[in-house]
Amino acid sequence: MSATTPDVANPGGMSSGRKILYSVGGVWLAGIIFFVIVVGWKPHKAAVVASGVFTPIDEFKLDTWFSIGPIDFNKGVLYVLLAAVVTLGVLLYMAKRLRERPGRLQVAIEMFYSITRNMADESLDDSMSRKYFPLIATLFIFILVSNLIGYIPLPINSADRFTVFGAHIPSFQIYAADTNVAFPLMLALLVFVLFTYEGIRKHGPFGYVKSLMPEVGGGIRFLVYPIEILSYFLRLISLTVRLWANLLAGHLLIAFMGGELGVLTGNTVVSWALLPIGVAIFLFEAVLIAGLQAFIFSILTAIYLGSAVSDSH
């Protein structure tokens, strides 16, 4: 065996991954030292003054770019349209490339189909599952695509522009349609109306209200019944807030750790020191939270539809 064989003759050799990690760490540490030497640790007066008019929440304001009749076109509308176009494109692309002998793409498609099919089958009977499986699967893809697009920097921050060859271009920014509460609210309203409709269609108006109430007697029913009615309408709020708050909090954390905290403190060293945390949060949000929130919204849709037509409450 050759004396240069890696990991055998030279067990103390460093792997490529570790070399990259150490290199990145070295650059990060060198950057901290550089900024401390060049700009110092104390906040700069100019930066502090600038940060006095800077608020991170301004990035989520919807400034109207132009209007088409009663519709104001802004970055929220743009991201919803992008999500809709990409979702339709993905669905059509998948539908046209199904083969008897599946490739890697079709294997991934079939895994997704199994996951969303199980969501519907475990919560709904056969007829309801066939009826609402397309909606559940579409909601999953639509929310997932919307979330993932939200982690792609695009030139949409019209409040902060830069100039290229005399053209004033909006700054690049990450933004998700879910961070505007109106978007998840409309999705939640759709689900709320559908499971209310199915419950009334199955049990009738009074029968459906009665089916929501637990079997309790005596005076305690006057305490339990209002709570049950309130919890029913809280489903609308929980569907909305869960999706909205998670995406908004994630984007704010990325922005803070990615440099905005340094702007607020007027300290360049803080921005550079916290940058790895911002990257880590970005990867965590893009890889896990985007899919998890789409999954939770979809499975709750199936559960609420199933409970609305269930004979046992």
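Quick grid of which residues meet (1) small (Gly, Ala, Ser); (2) open to solvent by 60 Å² or more (accessible area, probe 1.4 Å); (3) at negative phi; (4) in a helix (DSSP H, G or I):
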position: 226; (1), (2), (3), (4): no, yes, yes, yes
position: 236; (1), (2), (3), (4): no, no, yes, yes
position: 242; (1), (2), (3), (4): no, yes, yes, yes
position: 247; (1), (2), (3), (4): no, no, yes, yes
position: 257; (1), (2), (3), (4): no, no, yes, yes
position: 261; (1), (2), (3), (4): no, no, yes, yes
position: 270; (1), (2), (3), (4): no, no, yes, yes
position: 273; (1), (2), (3), (4): yes, no, yes, yes
position: 278; (1), (2), (3), (4): yes, no, yes, yes
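Criterion applied to 83, 95 was being of a type in the set (Gly, Ala, Ser) and in contact with a Ser or Thr (Cβ under 7 Å, 6 or more places away or on another chain), and the one residue passing it is 83.
Taken over region 104-150, the criterion of being polar (S, T, N, Q) and either under 23 Å from residue 309 (Cα atoms) or in contact with a helix residue (DSSP H, G or I) (Cβ under 7 Å, 6 or more places away or on another chain) (or both) is satisfied by 116, 118, 123, 127, 129, 138, 146, 147. Of 125, 160, 178, all but one fail to be of a type in the set (Asp, Glu) and open to solvent by less than 70 Å² (accessible area, probe 1.4 Å); the exception is 178. When region 269-295 is filtered for residues that are at pLDDT below 85 and of a type outside the set (A, V, I, L, M), the ones remaining, listed by number, are 271, 272, 276, 278.
Mind checking whether some residue in region 156-173 is basic (Lys, Arg), over 30 Å from residue 299 (Cα atoms) and modelled with pLDDT under 90? Yes, that holds for at least one residue. Is there any pair with a first residue in region 239-251 that is among the basic types (Lys, Arg) and a second that is open to solvent by 10 Å² or more (accessible area, probe 1.4 Å) and at pLDDT below 90 whose Cβ atoms are under 6 Å apart and which are 6 or more apart or on different chains, and what are they? Short answer, once both residue conditions are applied: none. Across region 193-224, the qualifying residues are those that are open to solvent by 50 Å² or more (accessible area, probe 1.4 Å) and within 35 Å of the chain's Cα centre (by Cα), and the one among them that is farthest from residue 310 (Cα to Cα) is 193. The residue pairs whose first member lies in region 74-101 and is open to solvent by 60 Å² or more (accessible area, probe 1.4 Å), whose second member is assigned to a loop (DSSP other than H, G, I, E, B), and whose beta carbons are closer than 6 Å, counting only pairs six or more residues apart or on different chains, do not exist in this structure.
Here residue 266 fulfils each of the conditions (1) over 20 Å from residue 278 (Cβ atoms); (2) at pLDDT below 85 apart from (1). When residue 111 is tested against the conditions (1) surrounded by 11 or more Cβ atoms within 10 Å (Cβ to Cβ); (2) not in a loop (DSSP other than H, G, I, E, B), the lone failure is (1). Based on this model, can you work out whether residue 36 counts as open to solvent by less than 90 Å² (accessible area, probe 1.4 Å), touching a helix residue (DSSP H, G or I) at 6+ places or on another chain (Cβ under 8 Å) and modelled with pLDDT under 70? Judged against the criteria, residue 36 is a match.
The values are calculated or read from the model by the stated rules, or taken from the named source; none is laboratory data. From a predicted model like this one, the values you see are computed outputs, not experimental measurements. For neighbour counting, all protein chains shown are included, and Cβ atoms are generated from backbone atoms with ideal geometry for every residue, glycine included. Just the protein is used for accessible areas: all its heavy atoms, side chains included, with ligands, DNA and RNA removed. Shrake-Rupley method; radii C 1.70, N 1.55, O 1.52, S 1.80 Å.
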